[in-house]
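The structure appears right after this line, and notes come after that.
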Amino acid sequence: MKIVVYFIITAFACLTVCETQARQSSSYTDNTSQQGQQDSTKLLVQLVKDASEMVSKGGEKAFAEFRKEGSRWREGETYIFVLDTEGNMLVHADSSMEGKNQLELKDVNGKPIIRGLIGAATTAPDKPAGWYHYEWPVPGGLLPRWKSSFVQLVKAPSGKSYVVGSGMYNDRMEREFVVDMVQKAVGEIEKRGRAAFEQFHDPASPYRAKDAYVFVLDPKGVELVNPAFRNLEGRNLMDLKDTEGKYLVREMFKAVEASDSGWVDYMWPKPGENVSTQKSTYVSKAKMGDSWVLVGAGVYLADAPKATPKKQTITATELKSFVEAAASELIKRGEKAYPDFRRKGDKWFKDDTYLFVWRLDGTRVFHAADSTMEGKQARDIKDAAGRPYGKMFLEVGERPEAEGWVHYMFPEPGDIFPAWKSSFLKRVTFPSGKRYLVGSGIYNMQMDKAFIEDLVNRAAALVEARGPDAFAELRDKQGSFFFMDTYVFVMRPDGTELVNPAQPSLEGKNLMELKDLQGKEVVKEEIAAAMKDGKAWLEHYWYKPGDNTPAPKQTYVRRVQHGGETYIVGSGFYGVNGKTGQR
């Protein structure tokens, strides 16, 4: 219905975006190359402020002006909307929405839209204006995009209060949005104290949007809230360094001690990248009881500086060969190979590349880098995100091919902040006849075709064996089929999406007419290639996460049969410098 398609749109950002149906999110930059987008945000804010002034002075008579086609209030896809504080839509470009209560309207992930818009204008009495962000399909499309709406609370001469606003599709998390988020979080803490923390963890709250989230530290540097990495809560981060040795938490405290709030820049790898990018974090003090806390939120800027790329010590293919060579040694020599594997600087132990060996019951029997881990049971061990990577390791040993990749989050040596680690494991039989798993891993390994083929091949085997009964496992975000920003999708040959854990709202919909940024019929090409050749790599163009620049992406698909039904299983990824990408 029209409420789904046309809700709160503006042409400032949609002139191009609304035709692209991009899936990924981008970040804000204040560089001159992005000045147009920055100006469009300012124009949107000014439009809402001017409309609010009209309501403040002229009251409800202004509503008729807002409805006039071709006026500055409704030009193309740019328009003003008006709500009362009970959620009744009073002015909207879609007249069928007017006069109805829309309070229960939610986005594709269940985030409350109208409640959020009203809250953005009413939560902080001293700041009756703000931003709210949610995901919704672009006009005429199926793929959700982030939408950012600016709203202002205004009182008319009649004494009634209204929420006046306008919005735009905007995948970037701009500086203004981050400041707004942090300031509102400060207000919640000063009003509710620790009771506010629960809301910061809620994915449907205003305090988690796009790639940003609110975190809280006590004056000693102990993390009180970190919704992205709950394992850090309760830990002292004062000595945390960025990838260039900067004490980033100390710098945050210097900023708030100097002027109560400010920006701190530091270098940190984006998820799935092994090169650090400048991240900017806004921090502010908040009174809490007799003390205070530091509240912050960060964002990767679209064209922010990157560190000089370091030559990757080992590629996915090389790591696999390394483990296979070690497996050959263990098959021949068994435990007698351990002393060689433990010798630092030798071919078996260079830098952070080393070997480990597990029994198939989950006991670590050898760990070149840390012998204190040997003899300990690790079957039920989980990573920083709660992913059961111990069980994932053991599942590799149960596969028919007896080898494969596992991706999980784990702190690098000497660090407490988790990073993505990719390990290749292989089952081996020692001369004694006992079977073990040998493996090795590397941190922040760049996404690779080998990972995607391993992922899709495993998913295809699962669907081939179990059909639709396998779908729940493929959707599990804590399982082995979902890591970094990579996931498996499944569709029918007619284009119907059956599995999409990243965007479940697409499941059950026919995507056959979906086009990429260059007009290629993405789904038609994927299905045709899989049906013809059984498996194939294809390249299309989408927005790469973190910017609004079209980038090529690689998608791998396979045809699968189960019980007389045919399925297409696939996944994709973005590579370094936008050379490849994620479906």
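Among the aspartates and glutamates, select those whose C-alpha is under 18 Å from the C-alpha of LYS100, and discard any that sit fewer than 8 residues away in the same chain.
GLU60, ASP84, GLU86
Of TYR162, VAL108, PHE366, which is farthest on the positive side of the dipole of the chain, counting Cα position, with +1 on Lys and Arg Cβ, -1 on Asp and Glu Cβ, and the Cα centre as origin?
PHE366
Provide GLU198, GLU403, GLU521 in ascending order of the number of other Cβ atoms located within 10 Å of each residue's Cβ, fewest first.
GLU198, GLU521, GLU403
Taking the 0 to 90 degree range and rounding to the nearest ten, how far is the long axis of helix 113-122 tilted relative to the main principal axis of the chain, both from C-alpha atoms?
60
Taking N as the number of residues in region 200-284, what is its Cα Rg relative to 2.2 N^0.38 Å?
With N residues counted in region 200-284, Rg over 2.2 N^0.38 Å equals 1.09.
How far apart, in nanometres, would the label points at ALA325 and ASP352 be if each is projected 7 angstrom from Cα along the Cα-to-Cβ direction?
It works out to 2.1 nm between the two label points.
Between helix 449-466 and the chain, what is the angle of the helix's C-alpha long axis to the longest principal axis, kept within 0 to 90° and rounded to the nearest 10?
It works out to around 90 degrees.
Run the quick spin-label model on VAL222 and ASN510: label points 7 Å from Cα toward the beta carbon, then report their separation in nm to one decimal.
5.9
Once you compute Rg and the Kirkwood Rh from C-alpha atoms, what is the Rg to Rh ratio for the chain?
Result: Rg/Rh = 1.00.
Provide ARG208, ARG192 in ascending order of the number of other Cβ atoms located within 10 Å of each residue's Cβ, fewest first.
ARG192, ARG208
Taking the 0 to 90 degree range and rounding to the nearest ten, how far is the long axis of helix 522-533 tilted relative to the main principal axis of the chain, both from C-alpha atoms?
20
Which whole number of Å³ per residue matches the convex hull of the alpha-carbon atoms in region 372-448? All intermediate terms of the calculation are to be shown ahead of the outcome.
Details: hull volume 9.0 nm³, N = 77.
Here the figure is 117 Å³ per residue.
Tell me, ARG492, ARG172 in order of fewest to most beta-carbon neighbours within 10 Å?
Neighbour counts put them in this order, fewest first: ARG492, ARG172.
So what is the 222 nm mean residue ellipticity for the chain from helices alone, if each DSSP H run of at least 4 adds -39500 (n - 2.57) and you divide by all residues, rounding to the nearest 500 deg cm²/dmol?
When only DSSP H runs of four or more count, the value is -8000 deg cm²/dmol.
If the cut-off is 15 Å between C-alpha atoms, which aspartates and glutamates fall inside it for LYS344, apart from same-chain ones fewer than 8 positions away?
Answer for LYS344, where 15 Å is the Cα cut-off: ASP352, ASP370, listed by chain and number.
With respect to the cross-link table entries LYS61/LYS111; LYS515/LYS535; LYS61/LYS191; LYS111/LYS509; LYS220/LYS382, which display a Cα-Cα separation exceeding 25 Å?
Violating the 25 Å limit, Cα to Cα: LYS61/LYS111; LYS61/LYS191; LYS220/LYS382.
Given region 461-578, report the % of alpha carbon pairs whose separation exceeds 24 Å.
22
Taking 8 Å as the Cα distance limit and 6 or more residues as the minimum spacing, I'd like the relative contact order of the chain as a percentage.
It comes to 11 percent, rounded to a whole number.
Each reported figure results from applying straightforward, stated rules to the coordinates on display, with no laboratory input. Note that this is a predicted model, so its numbers are computed, not measured. Cβ sites come from the backbone with ideal geometry, for glycine too, and all protein chains shown count toward neighbours.
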